[in-house]
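Read the structure below first, then the notes.
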Amino acid sequence: QVQLVESGGGLVQAGGSLRLSCTASGDFFESFRMGWFRQAPGQEREFVAGISRGGGITDYSDSVKGRFTISRDNAKNTVYLQMNSLKVEDTAIYYCARTSSQFRKSESYDSWGQGTQVTVSS
């Protein structure tokens with residue numbers, strides 16, 4: 001069973017930046033698409049960004065497009081989420097996850113990290 005461990009969350013002022021990392025244990029990291037989701041208090045978990053196996057295809061939710069960038073380093077078994085121009089409404093727990101299927105459907109992901117808290121203050 002793969003383990004996904006997120007890091008890089010924290011408290012930042014609106015307009016600031018953070019970079020999240022998610023490192024996977026085990027082999028075959030490059031065989032899977034990866035995604036980032038987030039969940040704010042009282043809200044459903046929502047798709048943020050996804051990246052293909054080789055990194056050449058990415059997808060973003062409309063709410064983060066142009067501000068966030070997903071990338072991956074298969075040699076390090078790590079996927080990143082660079083978050084710029086952060087807004088108060090970006091405050092949430094951010095999760096990385098692994099899928100062999102569609103980016104945007106959380107049901108298609110078979111492994112999830114424990115999450116990392118991102119808090120954006122005004």
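Structural remarks
- Pair list, Cβ < 7 Å and 6+ apart or interchain, from the range 101-120 residues that are at positive phi to residues that are not in a loop (DSSP other than H, G, I, E, B): GLY115/GLU6; GLY115/ILE93; GLY115/TYR94; GLY115/TYR95
- Positions within the range 36-67 being surrounded by fewer than 21 Cβ atoms within 10 Å (Cβ to Cβ) and under 14 Å from SER17 (Cα atoms), in sequence order: GLY66, ARG67
- Residues that are open to solvent by 50 Å² or more (accessible area, probe 1.4 Å) and at pLDDT 95 or above, drawn from the range 92-103: ILE93
- Taken over the range 90-107, the residue count meeting the criterion of being more than 12 Å from the chain's Cα centre (by Cα) and of a type in the set (Val, Ile, Thr) is 2.
- Scanning the range 1-34 for residues that are of a type in the set (D, E, K, R) and either closer than 27 Å to THR91 by Cα or out of contact with any Lys or Arg (no Cβ under 8 Å at 6 or more places or on another chain) (or both) gives GLU6, ARG19, ASP27, ARG33.
- Here MET83 passes the criteria (1) over 12 Å from the mean Cα position of the chain (by Cα); (2) open to solvent by less than 30 Å² (accessible area, probe 1.4 Å) except the one numbered (1).
- Total residues in the range 1-47 satisfying the condition of being among the small types (Gly, Ala, Ser) and in a strand (DSSP E or B): the figure is 5.
- A search for C-beta distances below 7 Å between a residue of the range 1-21 that is closer than 19 Å to SER71 by Cβ and any residue that is open to solvent by 60 Å² or more (accessible area, probe 1.4 Å) and in a loop (DSSP other than H, G, I, E, B), counting only pairs 6+ apart in sequence or on different chains, returns GLU6/GLN114.
- Set side by side, the residues ALA97, ALA75 differ, and just one is closer than 24 Å to GLN3 by Cβ and without any contact (Cβ under 8 Å) to a residue 24 or more places away in the chain, which is ALA75.
The values are calculated or read from the model by the stated rules, or taken from the named source; none is laboratory data. Keep in mind that what you see is a predicted model, and the values were worked out from it rather than measured. Reconstructed Cβ throughout: ideal geometry from the backbone, glycine too, with neighbour counts over all protein chains shown. In case anyone asks, the SASA skips ligands and DNA or RNA and just uses the protein heavy atoms, side chains included. Shrake-Rupley method; radii C 1.70, N 1.55, O 1.52, S 1.80 Å.
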